[in-house]
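Chemist: Structure below; questions to follow.
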Amino acid sequence: MNEKIRLVDLANAVRYIAIDMVEAASSGHPGAPLGMADIAAVLWKEVLRYNPDVPLSEDRDRVILSNGHACAMLYAVLYLAGYPIHKSDLKSFRQVGSKTPGHPERDAKAGIEVATGPLGQGVANAVGIALTRRLKSNLDQKDYWVYCFAGDGCLMEGVSYEACSLAGTLGLQNLILLYDANDISIDGQTTGWFREDIPGRFNSQGWHVISDIDGHDPDAIKDALMYAKNTSKVKPTIIIFKTKIGKYVPDWEGKAIAHGQPLGKDRAIATKQAMQMIGEPFEIKDDVLKAWRSHPKERLSSDVVGAKVRPVIDWEALFKWAVAQGQDLATRASSYQVLNQLPDVFLGGCADLTGSVLTKYPDNAKVNTKDSIGNYIDYGVREFAMAAIANGIASDGYKIPYVGTFLIFSDYAKNAIRMSALMDLQVIYVLTHDSIGLGEDGPTHQPVEQLSMLRAIPNLKVWRPCDLEEVVVAWQSACQSVGSPTCMVLTRQKTKKQKPRLMSAIKKGGYEIKPHKKPDLIIIATGSEVGLAHNVADHLDKINIGVKIVSMPCIEVFREQSKRYKEDLLPSHTPKIAIEAGASQPWFEWVGSDGLVIGLDHFGMSGPGAEVFDHCGFHVEGIVKKVVHKFDFVVCEGEKK
Ligand SMILES: Cc1ncc(C[n+]2csc(CCOP(=O)(O)OP(=O)(O)O)c2C)c(N)n1
Ligand SMILES: [Mg+2]
């Protein structure tokens, strides 16, 4: 580096650009970028292993910006470091279609590992990446460092607590958390709402803690980073950097007002003057830009991680095997049987319900601990972190993560599930105990609205299979959906094994499971309610109402079918009902406004599953009555048409 250019100058270049980005956009967050610029300059220039020419190199160190609102800093750094973020991208910060959206969106080629903004989750993503990299490191003995910026907000969020607790327990020594301790969040001085002893917290979670580092002193920053790398052989590290939000902004430095609004023209100029930098917006002096770009191009391999692991599985054979099985099984048990036959490309895990959700295959799954490396993670009771860690694992690409809990607790994980979908990540969620059918644990555990909520998430497939054959296809879909997450929604209780079907039919997401040439009524059902639909159909048949049953294990996949297929399966002129033990909302799309939905729009109750079903209206007589009444069917018992 040019001797005259100091790290402070490199940091100020980041500040300069960040100020201009927020000014140009007339919105955004200047405070944290100005506060963290010194740490960023030291990290990228002195410590990080990176090479913008091979941005996807497996060998690169990873950086996650958990406090995603500080993205003007990240974009500025990536531009300065020579990633494909150009000056025009900086100028179009926060504009439609730009490469510099208001919070970072996953674009590893541009140096952005994960999408962040929902505070705290980036920390969990980093834990997932660190965990995956440790697995890889165990094979190739290389060092893979994961750095994660986090602010007060990230550490206030419970998800960071969950994730850091697991990281400490597992001794993820390759993870370094860079805490921007400016004691400010949006509402002001955090002393009013966040006073905990951070070193104490992280010590107790099994971390290596480096406290009270001046986040504006490049030497101190570098020493802390090097110390972290050299001394932490068995623990993750947190470096607590004392910083000033809005560093150098006259009147605003150290104050919440600097958090999330443009400085305004005059204040922007005054801030640049305070840094002794004057010039046109976005224009960085040549010598500074050169110094940023003169980073020795690390010799990083051009290998890209896993290029997305694709499990090689003979699905046809697996399906044939499923057809040959004779028993009635709970769909969670079917899933377990399928999982047992899948190859070792997964990094599975469960939130302390392994024996109920049935996520651990006995032969293969070796648990990850502090001292051993395996392909299974005991996440403990940490659903949100589990899902966000899975996002980190999936974004890394070396393993496909699947994670399990009860469907009801998908709520705890919801925003991370949403983030899997938003980031196009292949995460498989195994969600069991999927309805009032779980019985005795009662309404706190019985899902009602969860299916609708999950189905409302774009780019997420929700499968609710009825038996082993459908479970095989659901797993196939999940394994092949490289750019989207999947939820497997499975029963606790046994479901009836259906007559053999064609794999190609199930793959359409919705298909005829009980044919009828000229039905008076079509019943659409999913999962455990497919068996009930058959019983209802038998009864209706006795009173001369002809029924076709459609099993629809995956609405999202069915929606993708041709108009013709959908119209043939569900002709608009035939009366339709849907039966599903969940909120009725999603089904009007298929039964139409004239149709009938036998759903559950209130909370369940504690009791044996079958009795709770009865109480909640999922019984043959009640449904038959409703059908006859709704569609004014003329009941002519005995006499066959
Ligand atoms: C889960 C979540 N809740 C709320 C927000 C809105 N929000 C964005 S930044 C912020 C304050 C965060 O404080 P801190 O991390 O200390 O950031 P600083 O003000 O220091 O930049 C809040 C509440 C969010 N992005 N994510
Ligand atoms: Mg803060």
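Chemist: Across region 454-482, which residue is farthest from ILE428 (Cα to Cα) among those that are of a type outside the set (A, V, I, L, M, F, W, C) and outside any loop (DSSP other than H, G, I, E, B)?
Modeler: GLU469
Chemist: Further question: Taking region 247-272 on its own, how many of its residues are within 19 Å of ASP180 (Cα to Cα) and either in a helix (DSSP H, G or I) or more than 34 Å from the chain's Cα centre (by Cα) (or both)?
Modeler: The qualifying residues number 7.
Chemist: Select from region 424-437 the residues that are surrounded by 20 or more Cβ atoms within 10 Å (Cβ to Cβ) and over 16 Å from ARG492 (Cα atoms) and write down the one among them that is nearest to ligand 2 (Cβ to nearest atom).
Modeler: Among those that are surrounded by 20 or more Cβ atoms within 10 Å (Cβ to Cβ) and over 16 Å from ARG492 (Cα atoms), it is LEU425.
Chemist: Any idea which of ASP363, ASP352, ASP328 is of a type in the set (Asp, Glu) and closer than 24 Å to ASN391 by Cα?
Modeler: ASP352
Yes/no matrix, rows are residues, columns are (1) acidic (Asp, Glu); (2) more than 16 Å from ligand 1 (Cβ to nearest atom):
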{"residue": "VAL8", "(1), (2)": "no, yes"}
{"residue": "MET21", "(1), (2)": "no, no"}
{"residue": "ASP38", "(1), (2)": "yes, no"}
{"residue": "ASP53", "(1), (2)": "yes, yes"}
{"residue": "ASN67", "(1), (2)": "no, no"}
{"residue": "LEU74", "(1), (2)": "no, no"}
{"residue": "GLY111", "(1), (2)": "no, yes"}
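Chemist: Among the residues of region 184-199, which ones are of a type outside the set (Gly, Ala, Ser), surrounded by 15 or more Cβ atoms within 10 Å (Cβ to Cβ) and within 8 Å of ligand 1 (Cβ to nearest atom)?
Modeler: Correct list: ILE184, THR190.
Chemist: Let me ask something else about it. Restricting the search to region 603-621, which residues are more than 20 Å from THR495 (Cβ to Cβ) and in a helix (DSSP H, G or I)?
Modeler: Selection gives GLU621 alone.
Chemist: Follow-up question, since we're still on this one. Working carefully through the options THR116, THR100, find the one that is within 23 Å of the chain's Cα centre (by Cα), hydroxyl-bearing (Ser, Thr, Tyr) and within 16 Å of ligand 2 (Cβ to nearest atom).
Modeler: THR116
Chemist: Okay, moving on. Among the residues that make up region 370-381, is at least one of them touching a Lys or Arg at 6+ places or on another chain (Cβ under 6 Å) and outside any loop (DSSP other than H, G, I, E, B)?
Modeler: Looking for residues that are touching a Lys or Arg at 6+ places or on another chain (Cβ under 6 Å) and outside any loop (DSSP other than H, G, I, E, B), one finds at least one in region 370-381, hence yes.
Chemist: Got a sec? Which of SER88, SER66, SER57 is polar (S, T, N, Q) and either within 23 Å of GLY260 (Cβ to Cβ) or at pLDDT below 95 (or both)?
Modeler: Result: SER66 is the single residue among SER88, SER66, SER57 that is polar (S, T, N, Q) and either within 23 Å of GLY260 (Cβ to Cβ) or at pLDDT below 95 (or both).
Chemist: I'm trying to understand the selection: among the residues of region 6-48, which are basic (Lys, Arg), more than 18 Å from PRO104 (Cα to Cα) and in a helix (DSSP H, G or I)?
Modeler: The answer is LYS45, and nothing else.
Chemist: Suppose we filter GLY117, GLY128 for residues that are within 16 Å of ligand 1 (Cβ to nearest atom), of a type in the set (Gly, Ala, Ser) and assigned by TED's automatic domain parsing to the domain that holds PRO101; which single one remains?
Modeler: Matching residue, one of GLY117, GLY128: GLY117.
Chemist: Can you give me the number of residues within region 159-175 that are within 10 Å of ligand 1 (Cβ to nearest atom) and surrounded by fewer than 24 Cβ atoms within 10 Å (Cβ to Cβ)?
Modeler: So the count comes out to 0.
Chemist: For the structure I just gave you, tell me whether VAL234 is β-branched (Val, Ile, Thr) and surrounded by fewer than 15 Cβ atoms within 10 Å (Cβ to Cβ).
Modeler: Spelling it out, VAL234 is indeed β-branched (Val, Ile, Thr) and surrounded by fewer than 15 Cβ atoms within 10 Å (Cβ to Cβ).
Chemist: GLY122 - would you say it is within 16 Å of ligand 2 (Cβ to nearest atom), buried (at least 20 other Cβ atoms within 10 Å of the Cβ) and assigned by TED's automatic domain parsing to the domain that holds GLY188?
Modeler: Against the criterion (within 16 Å of ligand 2 (Cβ to nearest atom), buried (at least 20 other Cβ atoms within 10 Å of the Cβ) and assigned by TED's automatic domain parsing to the domain that holds GLY188), GLY122 qualifies.
Chemist: What about GLU440, is it at pLDDT 95 or above, crowded, with 18+ Cβ neighbours inside 10 Å and in the same structural domain as ASP352 (by TED's automatic domain parsing)?
Modeler: no
Chemist: Also, quick follow-up: State which residue is nearest to ligand 2 (Cβ to nearest atom) when the search covers only region 49-97 and only residues that are β-branched (Val, Ile, Thr) and in a loop (DSSP other than H, G, I, E, B).
Modeler: Within region 49-97, the match that is nearest to ligand 2 (Cβ to nearest atom) is ILE85.
Chemist: I need a count of the residues in region 23-36 that are among the aliphatic types (A, V, I, L, M), under 29 Å from the mean Cα position of the chain (by Cα) and within 13 Å of ligand 1 (Cβ to nearest atom).
Modeler: Selection size over region 23-36: 2.
Chemist: What are the pairs, 6+ residues apart or on separate chains, where a residue within region 402-414 that is without any contact (Cβ under 8 Å) to a residue 40 or more places away in the chain has its Cβ under 7 Å from a residue that is acidic (Asp, Glu) and not in a strand (DSSP E or B)?
Modeler: TYR412/GLU383; ALA413/GLU383
Chemist: Of everything in region 383-426 that's over 20 Å from SER66 (Cα atoms) and of a type in the set (A, V, I, L, M, F, W, C), which residue is nearest to the chain's Cα centre (by Cα)?
Modeler: Selected residue: VAL403.
The values are calculated or read from the model by the stated rules, or taken from the named source; none is laboratory data. In this text, all values refer to a predicted model and were calculated from it rather than measured experimentally. Positions of Cβ are generated from backbone atoms using ideal geometry, with glycine treated the same way; all protein chains shown enter the neighbour counts.
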